[in-house]
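The values are calculated or read from the model by the stated rules, or taken from the named source; none is laboratory data. Being a predicted model, the structure only gives us computed values, none of them experimental. In this analysis, Cβ positions are derived from the backbone assuming ideal geometry, glycine residues included, and neighbour counts consider all displayed protein chains.
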Amino acid sequence: MKNVWLKNFEDSNLVITKFMSSEALINSCMTFTDLLTECYQNNNKALSCGNGGSHCDAMHFAEELTGQFSKPRRPLGAMALGEASHVTCTANDYGFEHVFSRQVEALGKSGDVLVALSTSGNSKNVINAVKQAKKMNIKTVGLLGKSGGELKELVDVPIIVPAQTSDRIQEMHIKIIHTVIETVERAMFPENY
């Protein structure tokens, strides 16, 4: 069993090293910080969506912004799409592929930022959310993996983790989420650092 532990840690380290060596990926991450900071400076909000583990990451992203990440500060507007009663209602009446896009249409406004999480980049309900966001002048960031899928071409800022398995991809997604929140906090609340 020890070899399984070591292999998983080695695999994670390889993905992080590969990610860090890509200037394009680091630049995309910095653009993510800039978009989110501008969003909050203009009194807008962030929306996030994903399925399964990516939904959990979308919720984690939102709660760190509305709650607190590392230092006390005012809450920043954020919401993870996919509340259970909305999902079951919308999936029943319109189809599962519309569960996020209907919420973007109802809750989003120009100047907001939508963070779309999909390890494959091909989740139809996330794709539809991004398409709806584009119609509303909402900036979009894709936290993706594998080849980036269809979302790679749809989002304003694609951040594609250079990995093929959901576990490695989601490990990097949570690192990106934590880091973007810290960088936004540092930009908006420099007195806290």
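For this structure, a couple of remarks:
- Qualifying residue in segment 120-143 (condition: in contact with a strand residue (DSSP E or B) (Cβ under 6 Å, 6 or more places away or on another chain) and among the polar types (S, T, N, Q)): yes
- Filtered residues of segment 51-77 (kept if touching an Asp or Glu at 6+ places or on another chain (Cβ under 8 Å) and surrounded by 13 or more Cβ atoms within 10 Å (Cβ to Cβ)): 69, 70, 73
- For residue 1: the one exception among (1) farther than 23 Å from residue 122 by Cβ; (2) of a type in the set (A, V, I, L, M); (3) surrounded by 15 or more Cβ atoms within 10 Å (Cβ to Cβ): (3)
- Filter pass, residue 61 being closer than 21 Å to residue 182 by Cα, at pLDDT below 95 and among the hydrophobic types (A, V, I, L, M, F, W, C): no
Yes or no, residue by residue, for (1) without any contact (Cβ under 8 Å) to a residue 60 or more places away in the chain; (2) of a type outside the set (S, T, N, Q); (3) under 30 Å from residue 8 (Cα atoms):
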position	(1), (2), (3)
131	yes, yes, no
136	yes, yes, no
139	no, yes, no
162	no, yes, yes
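- Residue that is surrounded by the fewest Cβ atoms within 10 Å (Cβ to Cβ) [pool: residues in segment 88-109 that are within 19 Å of the chain's Cα centre (by Cα) and without any contact (Cβ under 8 Å) to a residue 40 or more places away in the chain]: 105
- Residue 41 vs. criteria of a type outside the set (A, V, I, L, M) and at pLDDT below 95: no
- Which listed residue, of 90, 183, is farther than 13 Å from residue 47 by Cα and in contact with a Ser or Thr (Cβ under 6 Å, 6 or more places away or on another chain): 183
- Residue that is farthest from residue 170 (Cα to Cα) [pool: residues in segment 15-25 that are surrounded by 13 or more Cβ atoms within 10 Å (Cβ to Cβ) and hydrophobic (A, V, I, L, M, F, W, C)]: 25
- One residue stands out in segment 62-77 among those that are under 15 Å from residue 37 (Cα atoms) and of a type in the set (D, E, K, R): the one that is nearest to the chain's Cα centre (by Cα), namely 64.
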